[in-house]
Amino acid sequence: MERIDMSHDFVNNEATGTDEGDRGKLNGQHNEHLSRYQTASSHLRSTFANPTPMPLMGFLIASTPLGCNLMGWRGSGGGGAAIIGLFFFFGGMLQILGCVLEWILGNTFPFVVFASYVTVSIGAFWLAMGATLQPEFNAQSYYVDPSATPAVQSAGQAEFYSSFGFFFMVMSLLTFFYVVASLRTNVVFFLVFLFIDLAFLMLTACYWTLAQGMTVIGHNLQIAAGAFIFVFCILGWYLFFALILLAVDFPFAMPVGDLSTRIKSATDRKKAMEAKA
């Protein structure tokens, strides 16, 4: 089977033979990767498969149940404690593998993204979440002494909530950088990061509100965070499906809304300036 041309990824819409009707869709001329790559690594792309769907799938399988848990669907709850295994193996392990492979192929943006939500940023996020919920790490128990009086336990719980909220605040800041960078990719990818960022903001507000003893407002903020997570998961599953269809050279492509031509790249601007000179 002839391999899909990987000279451009689907953030780029400059492929030859693409008319306006195909603009913003994944097609044979669009790579299924999430960012531009370094020319020096092109020989690797003819050897290795596209790693992007694997960490994306791991991220979504860990995120989707978490969103449902935070919203309390079907009586669920516990902040994700029941699905801690997904955090380690789907959210963590698959994204570690994915980010390493993206790094090998020279895809800086997805490498950093998958790493942060598991190892560097996304991957690391899931491992950190799993570790916090793991009793052996004693994260929450450090603040709450079972033998202490109820007042002392309540104060310790508030201190934990307040401290843990900073984790989500920093993740929100990190994700904001991804939101800005994704303006050079496509609409779906941009919306995924936007709703991830909103979810982190809601979780930050949730924990800081709970630290102040406002449980009703904190609970509502938790539900809002779960809703934002669920929305970005729907968008993420759409993107995952688009990548899978492209990987098997399906006869039609799903539109993702190309944005790469909306904001000129630094390279294009440099070429334009050189042409004027």
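The values are calculated or read from the model by the stated rules, or taken from the named source; none is laboratory data. Keep in mind the model is a prediction, meaning the values are calculated, not measured. Quick reminder, even Gly has a Cβ in these numbers, built from the backbone with ideal geometry, and neighbours come from all protein chains shown.
Kindly indicate which of F167, F176 is within 19 Å of G78 (Cα to Cα), assigned to a helix (DSSP H, G or I) and not polar (S, T, N, Q).
Going through F167, F176 in turn, just one is within 19 Å of G78 (Cα to Cα), assigned to a helix (DSSP H, G or I) and not polar (S, T, N, Q): F167.
Can you tell me how many residues within segment 222-238 are more than 24 Å from T52 (Cα to Cα) and crowded, with 22+ Cβ neighbours inside 10 Å?
Looking only at that region, the number is 3.
Given the condition within 25 Å of V170 (Cβ to Cβ), more than 18 Å from the chain's Cα centre (by Cα), in a helix (DSSP H, G or I) and not small (G, A, S), answer yes or no: does some residue in segment 244-254 qualify?
no
Can you find even one residue in segment 225-240 that is of a type outside the set (K, R) and under 30 Å from A151 (Cβ atoms)?
yes
Yes/no per residue for (1) under 30 Å from S265 (Cβ atoms); (2) modelled with pLDDT under 70; (3) out of contact with any helix residue (DSSP H, G or I) (no Cβ under 6 Å at 6 or more places or on another chain); (4) not charged (D, E, K, R):
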residue	(1), (2), (3), (4)
V100	yes, no, yes, yes
L105	yes, yes, no, yes
V112	yes, yes, yes, yes
A128	no, no, yes, yes
Q140	no, no, no, yes
P150	no, no, yes, yes
F160	no, no, yes, yes
F190	yes, no, no, yes
F193	yes, no, no, yes
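Say whether the condition of being surrounded by fewer than 21 Cβ atoms within 10 Å (Cβ to Cβ), part of a loop (DSSP other than H, G, I, E, B) and among the hydrophobic types (A, V, I, L, M, F, W, C) is met by at least one residue in segment 260-272.
Yes, segment 260-272 contains a residue that is surrounded by fewer than 21 Cβ atoms within 10 Å (Cβ to Cβ), part of a loop (DSSP other than H, G, I, E, B) and among the hydrophobic types (A, V, I, L, M, F, W, C).
Can you tell me how many residues within segment 162-180 are β-branched (V, I, T) and crowded, with 18+ Cβ neighbours inside 10 Å?
Total meeting the criteria: 2.
Pick out the one residue from T261, T215, T185 that is at pLDDT below 90, within 30 Å of C68 (Cα to Cα), out of contact with any Pro (no Cβ under 9 Å at 6 or more places or on another chain) and β-branched (V, I, T).
T185
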